[in-house]
Amino acid sequence: MSEDERNLERIIAQLNTYEQQAQILQRRIDLINASLQEITLSSESLDELKNVGEDNEVLMPLGSGVYVRAKIIDKEKVIFSLGSDIAAEKDITGTQLSLDQRSMALQGALQSTGQQLQQIINTMNELNRTAQTIARKIRG
């Protein structure tokens with residue numbers, strides 16, 4: 001096997017590794033975007049809750065498109081997940097501020113992950129050009 005063939009094999013192995021890393025980063029981006037959408041929906045729901053009278057009936061989502069009819073007993077306080085199975089009672093404004101903070105942190109993570117993905121794509125493009133050059137050289 002010639003030096004060029006060994007280099008081509010090495011580049012192909014690197015491309016496969018970068019492809020796997022790119023897929024992982026893309027999945028991370030998708031998860032971050034889903035979390036951002038959930039935060040937006042939660043914040044919008046909190047805005048609507050401000051306009052609902054107590055003892056009014058609402059549809060409460062249970063997940064997977066399943067809802068139950070429920071009555072609002074106390075619209076001034078909501079239960080807010082702090083993470084790690086810990087939750088606290090907060091007022092709507094405080095909850096929305098916490099959601100905004102989470103959103104900003106996620107947007108930062110999204111930007112950082114997007115930059116990492118772009119760097120990998122640039123490197124892959126470079127390696128592809130090099131591989132094509134070597135392949136042409138091998139073919140003669």
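Bear in mind these aren't lab numbers, they're just calculated from the coordinates by the rules spelled out. Keep in mind the model is a prediction, meaning the values are calculated, not measured. No Cβ is skipped: glycine too gets one built from the backbone with ideal geometry, and neighbour counts run over all protein chains shown.
What is the helix-to-structure angle for 92-139, meaning the angle in degrees between its Cα long axis and the longest Cα principal axis of the chain, kept from 0 to 90 and rounded to the nearest 10?
10
How large is the helix-only mean residue ellipticity at 222 nm for the chain, computed as the sum of -39500 (n - 2.57) over DSSP H runs with n ≥ 4, divided by its residue count, in deg cm²/dmol to the nearest 500?
-25500 deg cm²/dmol
Give me Rg over Rh for region 3-139, both radii from the alpha carbons and Rh done the Kirkwood way, two decimal places.
Dividing the radius of gyration by the Kirkwood radius yields 1.28.
For region 65-70, in order, what is each residue's ³J(HN,Hα) by Karplus, 6.51 cos²θ - 1.76 cosθ + 1.60 with θ = phi - 60°, in whole Hz (x at glycine and Pro)?
Here the 3J(HN,Hα) series is x, 9, 10, 10, 6, 9 Hz.
If each residue's Cβ is checked for other Cβ atoms within 10 Å, how do S112, S98 rank with the fewest at the top?
Going from sparsest to densest Cβ surroundings: S112, S98.
How would you rank I138, I73, I92, going from fewest to most other Cβ atoms within 10 Å of each one's own Cβ?
If I rank by nearby Cβ atoms, fewest first, I get I73, I138, I92.
By how many degrees, between 0 and 90 and to the nearest 10, does the Cα long axis of helix 3-50 differ from the longest principal axis of the chain?
10
Taking only pairs that are 8 or more places apart or on different chains, how many Lys pairs in region 3-139 have Cα atoms under 13 angstrom apart?
The number of close lysine pairs in region 3-139 is 4.
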